Amino acid sequence: MKRHVITKNEYHDYYNTYLEKVPDSISLHEGFKTGKDEVLQFFRSIPIEKQNFAYAEGKWTIKEVFQHLIDTERIFLYRCFRLGRKDNSALAGFNQDDYIMTSNANSKSITLLLEEFTTTRDSFMVLLKTLNETDLEFIGTASNAPISPRALAFINLGHYLWHIDIVKERYL
């Protein structure tokens, strides 16, 4: 499954920023596998003294950025599951800042965050193996906008790439 087959009716324009980060030639399964390895390598490489660093007042720390990525992946996994099962119920949005405020990310070890990520990513990869083309193309509603499971999965991949670029530019 290549990203370029996603049609404009499968997602809201808001997600273009993330989708543009994902190479057109990558398949979902390849993207999730290589993305997992790249995320693990990236966050393992961050020196311990930088992990609780925020580049400005009121900005998240690196650990909080990582927690945000994990939280978003969990939510997108859940949405992908529901929509992959052709659930027509509108799926609610979420406030990322509220999630971070209650996450206690800065008190977690990087080892625990890596474990959270690995477990969540592995679950997402297994779910994707169970969904066929028709399942992935189903259009439902999340955050008051149309979305398909396929689009959610590719957006998730681009979301990581976008945030890792921000960490490289502003934190390291």
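The values are calculated or read from the model by the stated rules, or taken from the named source; none is laboratory data. Everything numeric in this text was worked out from a predicted model, so none of it was measured. A quick note on method: Cβ atoms are made from the backbone with ideal geometry, for glycine too, and the neighbour counts reach across all protein chains shown.
Here Ser107 qualifies as among the hydroxyl-bearing types (Ser, Thr, Tyr) and either farther than 24 Å from Thr7 by Cα or buried (at least 16 other Cβ atoms within 10 Å of the Cβ) (or both). Residues of segment 149-163 include none that is touching a Cys at 6+ places or on another chain (Cβ under 8 Å), surrounded by fewer than 19 Cβ atoms within 10 Å (Cβ to Cβ) and under 21 Å from Val22 (Cα atoms).
Taken over segment 6-37, the criterion of being exposed (fewer than 15 other Cβ atoms within 10 Å of the Cβ), touching a residue at least 40 places away in the same chain (Cβ under 8 Å) and not polar (S, T, N, Q) is satisfied by Tyr14, Glu20, His29, Lys33. Is it the case that segment 105-113 has a residue that's touching a Ser or Thr at 6+ places or on another chain (Cβ under 9 Å), touching a residue at least 12 places away in the same chain (Cβ under 8 Å) and among the small types (Gly, Ala, Ser)? Yes, there is a match, as at least one residue in segment 105-113 is touching a Ser or Thr at 6+ places or on another chain (Cβ under 9 Å), touching a residue at least 12 places away in the same chain (Cβ under 8 Å) and among the small types (Gly, Ala, Ser). Taken together, Thr134, Thr118 contain a single residue that is farther than 24 Å from Ile62 by Cα, hydroxyl-bearing (Ser, Thr, Tyr) and in a helix (DSSP H, G or I), which is Thr134. Six or more apart or on different chains, Cβ atoms under 6 Å: show the pairs whose first residue is in segment 141-169 and under 10 Å from Phe76 (Cα atoms) and whose second is among the small types (Gly, Ala, Ser). Pairs that qualify, where the first residue is under 10 Å from Phe76 (Cα atoms) and the partner is among the small types (Gly, Ala, Ser), are Pro149/Gly84. Of all the listed residues (Ile6, Ile26, Ile62), the sole one being at pLDDT 95 or above and hydrophobic (A, V, I, L, M, F, W, C) is Ile62. The condition (being outside any helix (DSSP H, G or I) and modelled with pLDDT of 95 or more) is satisfied by just one residue among Glu38, Glu49, Glu57: Glu57. Determine whether Glu73 is acidic (Asp, Glu), more than 24 Å from Thr111 (Cα to Cα), touching a helix residue (DSSP H, G or I) at 6+ places or on another chain (Cβ under 7 Å) and surrounded by 14 or more Cβ atoms within 10 Å (Cβ to Cβ). For Glu73, the condition - acidic (Asp, Glu), more than 24 Å from Thr111 (Cα to Cα), touching a helix residue (DSSP H, G or I) at 6+ places or on another chain (Cβ under 7 Å) and surrounded by 14 or more Cβ atoms within 10 Å (Cβ to Cβ) - is not met.
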